[in-house]
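One structure is given below, encoded as structure tokens.
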Amino acid sequence: MSRASGLEAALTAFEDPAAKARDLLRLHRSWAHTHEVPAGARGVVARSWLRQTPEGDKISTPISDHALLARRERSRLLASVVPVLKDRLLPLAHEGLERFGVHPVARDRLLGIVERRCVEEANGASWQARTFRRLYDERGLDREAALREMTVRYRDHMHSNEPVHTWPVE
């Protein structure tokens, strides 16, 4: 992913995830203390932090489901692309992969995953948000414990090689 396209890799090849997590924690603590995004924070991370409302030295509780739905309704850009992707681009991809000689089982599995993600509006981020919300609100875990548990579950599901839209939100 290139910075020119506005996308940055969260983790580069051979980068130590634990070191990256420690660095991100350091950057977040700096932001939480000063309310200024420190140098070194990826753009997407900085924008996420800036959307939060600080309450003293603590980060506010996560956005409520109602507020999240209202925000999504105001910004339906992704939803407006889904019909184009599903009805136009997926059939073109199917044809192209078929012409290129990709095995039908592999082609259908991967394009099926893309289609289900479109239909269900599900991706890794939405799974993380729903899982965190359930752990935080319903199970009563504090923010740190809910994030830790969500991360452990994400890791476990990731290694199952099952598509994210099929992962349970427990």
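Just a few scattered comments:
- Of note, L25 satisfies the criterion of being in a helix (DSSP H, G or I), at pLDDT 80 or above and not assigned by TED's automatic domain parsing to the domain that holds L147.
- Qualifying helices (runs of 4 or more DSSP H) (wholly inside the range 55-169; at least 3 residues being modelled with pLDDT of 85 or more and not assigned by TED's automatic domain parsing to the domain that holds H28): 90-100, 104-120, 124-133, 143-158
- Checked against (1) surrounded by 10 or more Cβ atoms within 10 Å (Cβ to Cβ); (2) modelled with pLDDT of 80 or more; (3) farther than 18 Å from R143 by Cα, V44 meets all criteria but (2).
- Selection count, the range 99-113, where residues are buried (at least 16 other Cβ atoms within 10 Å of the Cβ) and under 20 Å from the mean Cα position of the chain (by Cα): 1
The values are calculated or read from the model by the stated rules, or taken from the named source; none is laboratory data. Keep in mind that what you see is a predicted model, and the values were worked out from it rather than measured. Here Cβ is always computed from backbone atoms with ideal geometry, including for glycine, and neighbour counts include all displayed protein chains.
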